[in-house]
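Novice: Okay, handing you the structure first.
The values are calculated or read from the model by the stated rules, or taken from the named source; none is laboratory data. Keep in mind that this is a model prediction, so the values were computed, not measured. All Cβ positions, even for glycine, are placed from backbone atoms using ideal geometry, and neighbour counts span all protein chains on display. With ligands, DNA and RNA removed, areas are computed over all heavy atoms of the protein, side chains included. Shrake-Rupley method; radii C 1.70, N 1.55, O 1.52, S 1.80 Å.
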Amino acid sequence: MKLSVLIPCYNEEKTIKAIINKVKQVSLYNVEKEIIVIDDGSSDKTKDILNKISNIKVILNDKNYGKGYSIKKGINNATGDLIIIQDADLEYDPNDYQKLIQPFENKNINVIYGSRRLKKNNYSYISFYLGGIFLTILVNILFPFSKNISDEPTCYKLFRSSILKKIKLNSNGFEICPEITVKILKLGYNIYEVPISYFPRSKKEGKKIKWTDGVKAVITIFRYRI
């Protein structure tokens, strides 16, 4: 089995090398790793750092299009049996990969989300935490016949590539995450969850998502549900 790790990044010179090293060092039983880094027009030293790292596939966007645009490029270039999205900071721990992959031994499971709410984690910004709860509740209300989830906005979304590659995705920004969730549920797939660790960073440390992205997420959920 092969796992494609998609790492969209934008101006992450402080963490990009560290997160790639963490992904490389993770030992997965009988699973090969493919690391695809999509640089979204970084203006800092991110590209220079990527050029010095071996055994990764690097895709360079000619300008800053957005996280969604980069994820779509990564999906198109992925060759693994499974695909996972990995942020370029250090908020999510690749050591959780093994727990996320294990449920795929069940052939009936096609989508796994890593849930930050199923494990006791620190949240430095309560507004983002509450916003994530709201989005999760909204999805559960709009899909009452699906298996309820606890953490819709999680970065760790893991799919059988055959499922993800057949979904037409339109979003170019952060709203690609709720678009994926809604379209997965509309296709009738249940989302299974595994508890994961979470180490939040502040805006000062480079966190890029804004409250306006939350509004876009709500609009996206309703748009693709209808």
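Novice: What is the sum of charges around Y65, taking Lys and Arg as +1, Asp and Glu as -1, for the other residues whose C-beta is under 10 Å from the C-beta of Y65? If you can, show how the numbers build up before the last one.
Specialist: Details: positive: K63, K67, K72, K73; negative: D40, D62.
With Lys, Arg at +1 and Asp, Glu at -1, the neighbours total +2.
Novice: What's the ranking of 173-180, 72-79 by average number of surrounding C-beta atoms within 10 Å, highest first?
Specialist: Answer by packing, highest mean first, reads 173-180, 72-79.
Novice: Hey, another quick one. When a/c reaches 1.5 or more, the comparison of a/b and b/c decides; with that in mind, is the stretch 21-128 rounded, prolate or oblate per its Cα gyration tensor?
Specialist: oblate
Novice: Would you list which lysines come within 16 Å of K72, measuring only between C-alpha atoms, while excluding same-chain residues fewer than 8 positions from it?
Specialist: K57, K63, K157, K165, K166, K168, K183
Novice: Taking all protein chains as present, what is the carbon and sulfur share of the accessible area of the stretch 12-116, in % to the nearest whole number, probe 1.4 Å?
Specialist: 41 percent
Novice: Still on this structure: Please report the relative contact order for the stretch 19-140, taking Cα pairs under 8 Å with a sequence separation of at least 6, and give it as a percent rounded to a whole number.
Specialist: 25 percent
Novice: Could you give the DSSP H helices of the chain that reach 18 angstrom or more along their long axis (alpha carbon positions) and whose average Kyte-Doolittle hydropathy is no lower than -0.5?
Specialist: Helices meeting the criterion: 126-142, 211-225.
Novice: Rolling a 1.4 angstrom probe over the protein heavy atoms, how many square angstrom per residue are accessible across the chain?
Specialist: Values: 11130 Å² over 226 residues.
Averaged over the residues of the chain, the accessible area is 49 Å².
Novice: What does the convex hull of the Cα atoms of the chain come to per residue, in Å³, rounded to a whole number?
Specialist: 115 Å³
Novice: Can you compute the helix-only [θ] at 222 nm over the chain? Use -39500 (n - 2.57) per DSSP H run of at least 4 residues, normalise by all residues, nearest 500 deg cm²/dmol.
Specialist: Helix contribution divided over all residues of the chain: -10000 deg cm²/dmol.
Novice: If each of I133 and A18 carries a label point 7 Å out from its Cα toward its Cβ, how far apart are those two points in nm?
Specialist: 2.9 nm
Novice: On a full-extension model of 0.36 nm per residue, what is the gain between S27 and K2, subtracting their alpha-carbon distance, rounded to one decimal in nm? Don't skip to the answer; put the middle values down first.
Specialist: Details: separation 25, 0.36 × 25 = 9.00 nm, distance 1.27 nm.
Stretched fully, the S27-K2 segment lengthens by 7.7 nm.
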